[in-house]
Amino acid sequence: MSKLDAKIPEGQLETKWTKYKSSVPLVNPSNKRNLEIVIVGSGLAGASAAAALAELGYKVKVFCFQDSPRRAHSIAAQGGINAAKNYQNDGDSIYRLFYDTIKGGDYRAREGNVHRLSEVSGNIIDQCVAQGVPFAREYGGLLSNRSFGGTQVQRTFYAAGQTGQQLLLGAYSALERQIGMGAVEMFNRHEMLEVVMIDGKARGIIARDLITGKLERHFGHAVLLCTGGYGNVFYLSTNAMGSNATAVWKAHKQGAFFGNPCFTQIHPTCIPVSGDHQSKLTLMSESLRNDGRIWVPKKKDETRKAVDIPEEERDYYLERRYPAFGNLVPRDVASRAAKERCDAGHGVGTSRMAVYLDFTFNMDRYGKIEATKKGIHNADAATIRALGKDVITEKYGNLFDMYKQITGEDPYQMPMRIYPAVHYTMGGLWVDYNLMTTIPGLYALGEANFSDHGANRLGASALMQGLADGYFVIPYTIGSYLSKEISVKSIPTSHEAFVAAENKVQNDIDKFFNIKGTKSVDHFHKRLGKIMWEKCGMARNEKGLKEAIEEIRALRAEFWKDLRVTGEANEFNPELEKAGRVADFLELGELMCKDALNRNESCGGHFREEYQTEEGEANRDDDNFAFVAAWEYKGDNNFEMHKEELKYENIKIAQRSYK
Amino acid sequence: MSGNMNLTLKVWRQKNSNAKGELVDFKVNDISPDMSFLEMFDVLNERLVSENTDPIAFDHDCREGICGMCSMFIDGRPHGPKDGITTCQLHMRSFKDGDTITVEPWRAQAFPVIKDLVVDRTAFDRIIAAGGYISVNTGNAQDANCLPISKDNADESFAAAACIGCGACVATCKNASAMLFVSAKVSQLALLPQGEPEKQSRVLNMVAQMDAEGFGSCTNTGACEAECPKGISLSNIARMNREYLGAQFCSEK
Ligand SMILES: Cc1cc2nc3c(=O)[nH]c(=O)nc-3n(C[C@H](O)[C@H](O)[C@H](O)COP(=O)(O)OP(=O)(O)OC[C@H]3O[C@@H](n4cnc5c(N)ncnc54)[C@H](O)[C@@H]3O)c2cc1C
Ligand code: SF4
Ligand code: FES
């Protein structure tokens, strides 16, 4: 019935991947030299895949829209990367990381994939250290760990609040090494605008040189999309300004199914919106919840300053509601709890849409420890605070600076004000165990695929997944496809399929300039974002979603009638780039709402108000919704859903509890 | 929620790399002190689109000071008047109502202008490709904790690795030298045992590529350190010079 085969290897969970690796067909070195791979994206997933595949001997081309591969959005990741090393001797194991990830994802991810991810997690840390990634260390010279939400062990490796930067620079240096050796050809400031299909297989891409505006054709025996997430469909998010869905959306329209499009992660700790001019939201890393306590005033509409509110009049609502995990509950739970308190009138700040993240308690705790270490007895409060402040600065200094820079307030003196914001998309192109989409030869890696995080991603797991996909999964799994392609000679780009694809892209570009309307791209993007945030955001319901679908359709019609794109096609033109991205968001947004409407349950980041327990927790429906919704594009914004049933053979599926 | 600042901008406009550029005046009104500098440019660009004029092209992406993409030369200083931040982290509260602000692209022979405030910094990538890495193929690594590294070295290496590749150091240097950028990478890897085996070839190759790209020489004026948004220290340049001399000595044997 279903067209979907996830191709999970048979056998015991623990041995699936090992067996797969030793039985997957190989490509011999002389054939690798003749096989070309196009990789779109140079973030953790793309850069690591490019380096690893070029090291194996494949001919690789890499594309990114920034001016350098080092600037991919992975650079912005702050808090850390998970790995089941059990260096802390606190009971961690591959199984526990696997279990936490499945549970954290609210039982909507595949067992086989997630177990593989846990298995390779340790190799990632080894590889990065060997590349010279300067992770945080203890005085004894060994690696340091911290905790992230949804776990009770310390398995997160980090480099201050700049973990993504350091991991990406590691992958980037491996990539640059291959570029220097001529094994990878790099195309900066290029945007992929179409997948080229020949005889039902992905055989290349059409890309636009963003400096000259020229369209280019590039052949590949296989194409890898490593293009990141689509959180910017909401306009305001923690994603970089350029993050977009264009690559995956073009692939979707060519036949790649889209998995769980509505699964969006709203991150609980971001700097709140300050005004209409706001262009993006800034994350305050989850790692801050190791030492920051979240609270709101018990009194509604409180007007006193935070420091003037006595202890007994503060509601540490996460500690109250979830004593077992406290401030380190998973993101979806923490976000909803913040919204609930603000909606109930306990919010703080001028907009009253914020809660406090307060470090004083732990600053003093650290201060006392430091005082003892230094042999200072009877230290006064000020000394303790100062000593504790140094500890906090070492752990999170750059985040505190960032906060101060943006808000003009000093978080060492008063608690941070935070509110949830769109952060990550668990949904993405549907892929099988090989990371191949439903289009043969087209792969999706990293945030661009839907695979490992179910309905809610745990903190520090995206970096792990991106690097797992690129360094340790695709180098094996691509062999099962390319081993059958060795006799295919590289297809000249004069082939009619390339010509037709380029013409289509050219037509799309001409269409934008021909509208000659009156409103800017940003105008439409902001309006789309508002619809999505209000009706397909932290809480969703049937009525709102139906309205959203109508509103998006109307907005899309207006866009195609009244958009103004200035400048020309054959030049550096950021307005044109944005127009293409927003046109795709306007279609994807509708599919997200459809998917959310279709999923009559609450799970993870997807919270349908109709489906909640008496305590306001997500009410999952495993009898009817334990499946991946994989949507097929049927033309003209029609979509058909296919189900991939999720089977849990190793984990007992239960109501998720963090109490 | 608009604000109450009115400003005059003098912005470098240049259609493409072959065209001649010039400073053009723009008035912007009702600017809020909570806006970032780039959000102020968004407001201006939105108006230019509404007037059917080509908006001002500028590079940006993360808007939180980490990707290194933003690059405006503001009133004679890269990333503007405040220390230790990037252009995207600069807020309008650092300016006064009525100010005139001059905004230009990075200027260096090795960073040609692409359009308006956008420049080509791919020379930096080529320097890294020449040697800014440790040659370790995927899958060859031993357990990460096999080789302890002293916390001091790890921290110092991290401090050097914090470079975001923005190019402010080059833009501010009267010789357009890239020494701070190059020395940050050399130092990061020289401070780690993993970087040891290739330390001589690395520094020689990176410096050779730096020279080939047309960056100027270093005369120790220290402007780069003062303008670096990530606090990359001049001591990295001293370390690189030592590494370079040592490597030259060995390679001449
Ligand atoms: C602020 C922030 C903090 C985070 N912190 C953490 C953390 O602490 N731990 C954690 O695990 N995760 C974190 N995440 C999530 C994590 O960073 C991302 O999910 C992950 O880095 C995505 O990597 P990627 O390689 O899939 O995509 P990206 O890094 O987004 O790379 C996308 C690449 O695709 C290219 N691209 C996109 N479209 C096109 C196109 N059409 N043509 C050509 N090129 C294209 C881009 O140029 C870029 O090179 C954080 C995310 C954010 C936003
Ligand atoms: S050294 Fe500083 S100024 Fe130079 S590129 Fe690096 S971060 Fe920018
Ligand atoms: S936009 Fe990324 S550092 Fe400024």
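The table below lists the values:
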{"quantity": "Spatially proximal lysines relative to A:Lys21 (Cα-Cα < 25 Å; intrachain offsets below 8 disregarded)", "calculated": "A:Lys7, A:Lys32, A:Lys59, A:Lys85, A:Lys201, A:Lys484, A:Lys647"}
{"quantity": "³J(HN,Hα), Karplus 6.51/-1.76/1.60, whole Hz, each residue of segment A:6-13, x for Gly, Pro", "calculated": "6, 6, 6, x, 5, x, 4, 3"}
{"quantity": "Value of relative contact order over segment B:17-161, rounded to a whole percent, pairs C-alpha under 8 Å and six or more apart", "calculated": "20"}
{"quantity": "Heavy atoms of A:Met592 accessible to a 1.4 Å probe, total area in Å² rounded to 10", "calculated": "0"}
{"quantity": "Fluctuation leader among B:Met179, B:Met92, B:Met210 - chain B, Gaussian network, Cα springs under 10 angstrom", "calculated": "B:Met92"}
{"quantity": "P(r) tail fraction, segment A:503-627 - alpha-carbon pairs more than 17 Å apart, %", "calculated": "61"}
{"quantity": "Å² of accessible area per residue within chain A, as computed with a 1.4 Å probe and no ligands counted", "calculated": "34"}
{"quantity": "Rounded if a/c under 1.5, otherwise prolate or oblate - segment B:82-156, Cα gyration tensor axes", "calculated": "oblate"}
{"quantity": "Given chain A, longest segment not containing exposed loop GluC sites (Glu not before Pro) (DSSP; at most 15 other Cβ within 10 Å)", "calculated": "A:139-408"}
{"quantity": "Residue mean of other protein chain beta carbons inside 10 Å, B:151-159", "calculated": "5"}
{"quantity": "Stretchable slack from A:Lys526 to A:Met181, in nm (0.36 nm times residue separation minus alpha-carbon distance)", "calculated": "119.8 nm"}
{"quantity": "Amide H within-cut-off set for A:His642, under 5 Å, with H built and near neighbours excluded", "calculated": "A:Ala630, A:Trp631, A:Glu632"}
{"quantity": "For residues of A:278-291, the mean tally of beta carbons on other chains within 10 Å", "calculated": "2"}
{"quantity": "Candidate residues A:Phe325, A:Phe607: accessible-area rank, largest first, probe 1.4 Å", "calculated": "A:Phe325, A:Phe607"}
{"quantity": "Estimated [θ] at 222 nm from DSSP helical runs (n ≥ 4, -39500 (n - 2.57)) normalised by residues in chain B, nearest 500", "calculated": "-10500 deg cm²/dmol"}
{"quantity": "Segment A:176-216: C-alpha gyration tensor shape, a/c 1.5 cut-off, then a/b vs b/c", "calculated": "oblate"}
{"quantity": "Long-range HN-HN contacts of A:Glu194 with modeled amide H, under 5 Å", "calculated": "A:Ile206"}
{"quantity": "Alpha carbon convex hull of the protein assembly as shown, volume per residue in cubic angstrom", "calculated": "167"}
{"quantity": "A:Asp315 long-range amide H proximity, modeled H, under 5 Å", "calculated": "A:Val296, A:Lys298"}
{"quantity": "Gain on full stretching of the segment that runs from A:Tyr139 to A:Asn378 - 0.36 nm per residue minus C-alpha separation", "calculated": "83.4 nm"}
{"quantity": "In order through segment A:243-251: 3J(HN,Hα) via Karplus (6.51 cos²θ - 1.76 cosθ + 1.60), integer Hz, x for Gly, Pro", "calculated": "4, 7, 10, 4, 4, 5, 5, 4, 5"}
{"quantity": "With all protein chains modelled, accessible area of A:Asp301 [1.4 Å, Å²]", "calculated": "90"}
{"quantity": "Heavy atoms of A:Lys3: accessible area, 1.4 Å probe, square angstrom to 10", "calculated": "130"}
{"quantity": "Formal net charge of residues neighbouring A:Trp17 (Cβ-Cβ distance under 15 Å; K, R +1; D, E -1)", "calculated": "-1"}
{"quantity": "Between segment A:538-567 and segment B:168-229, the alpha-carbon center distance in angstrom", "calculated": "49"}
{"quantity": "Accessible surface ranking that places the most exposed of B:Thr221, A:Thr360 first, with a 1.4 angstrom probe", "calculated": "B:Thr221, A:Thr360"}
{"quantity": "Cα gyration tensor shape of segment A:25-88, rounded if a/c is under 1.5, else prolate or oblate by comparing a/b with b/c", "calculated": "oblate"}
{"quantity": "Protein-only accessible surface order, largest first, of A:Thr303, A:Thr18 at 1.4 Å", "calculated": "A:Thr303, A:Thr18"}
{"quantity": "Portion, in percent, of the accessible area of the protein assembly as shown that falls on carbon or sulfur, probe 1.4 Å", "calculated": "49"}
{"quantity": "The protein assembly as shown: antiparallel DSSP beta bridges as a percent of all, rounded to 5", "calculated": "70"}
{"quantity": "222 nm mean residue ellipticity, helices alone, for chain A (DSSP H n ≥ 4; -39,500 (n - 2.57); rounded to 500)", "calculated": "-11500 deg cm²/dmol"}
{"quantity": "Derived scalar couplings ³J(HN,Hα) [segment B:192-198; Karplus, 6.51 cos²θ - 1.76 cosθ + 1.60; whole Hz; x for Gly, Pro]", "calculated": "10, x, 4, x, 4, x, 9"}
{"quantity": "Relative contact order for chain A, counting Cα pairs under 8 Å that sit 6 or more residues apart, in percent", "calculated": "21"}
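The values are calculated or read from the model by the stated rules, or taken from the named source; none is laboratory data. Predicted model only: the values in this text are computed from it and were never measured. Reconstructed Cβ throughout: ideal geometry from the backbone, glycine too, with neighbour counts over all protein chains shown. Accessible surface is based on the protein model in full, side chains and every heavy atom, while ligands, DNA and RNA are left aside. Shrake-Rupley method; radii C 1.70, N 1.55, O 1.52, S 1.80 Å.
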